[in-house]
Amino acid sequence: MNSRKTIEKQLRMANNENLKKAKGFDKMPENINKEGRPKGVKNRSTIVSEIFAMTVNYPEEVLAILKEMCPSINNNVTIEEAMTVMQASKAIQDKDTAAYKVLMDSAYGQPNQKTDITTKGKSLNDPYEDLTVEELEEKLNELRKPIKGRDKDS
């Protein structure tokens, strides 16, 4: 059963005047977009994906540079493909390891990074890990023994 003080405290906490206002909104409430984003407005990732998928007729001098890096490329290449070729060129010609890492992560995903939370390869959670079968049976028998005061037989 709630005491009177507890009920009074809960009523004070639930009061709208006690709620903190979001930063900036209390100063200029007319800037709040109460309807949210209008329907049909694309988010940034959709826009970037559409741009990457566009094919561009590159000028001959740009196409010549791309062909120099990737001879099989033609003039009907997407922006994403051209950017990837340029990134590969940067990784190779400029010996840019950051560009190399970006390409490798794109192609194969980021490598798994595991943190060893054990001590010298031994688990921190299993105290019985290094025991022999005989030692485990001995521990099990100890656990099966009645505890004085717990069982009626003792």
Work out, step by step, the length gained on full extension between Ile73 and Ala53: first 0.36 nm times the residue separation, then minus their alpha carbon distance; give nm to one decimal.
5.6 nm
Please identify every one of the trypsin sites (Lys or Arg not before Pro) in the range 29-67 that sits in a loop by DSSP and has no more than 16 other beta carbons within 10 Å of its own beta carbon.
Lys34, Lys39, Lys42
Can you give me the pair-distance distribution of the range 56-108, C-alpha pairs, 5 Å bins, whole percents?
4, 21, 29, 21, 16, 8, 1
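Read the figures in this text as sums done on the coordinates, not as results from a lab. Keep in mind the model is a prediction, meaning the values are calculated, not measured. Here Cβ is always computed from backbone atoms with ideal geometry, including for glycine, and neighbour counts include all displayed protein chains.
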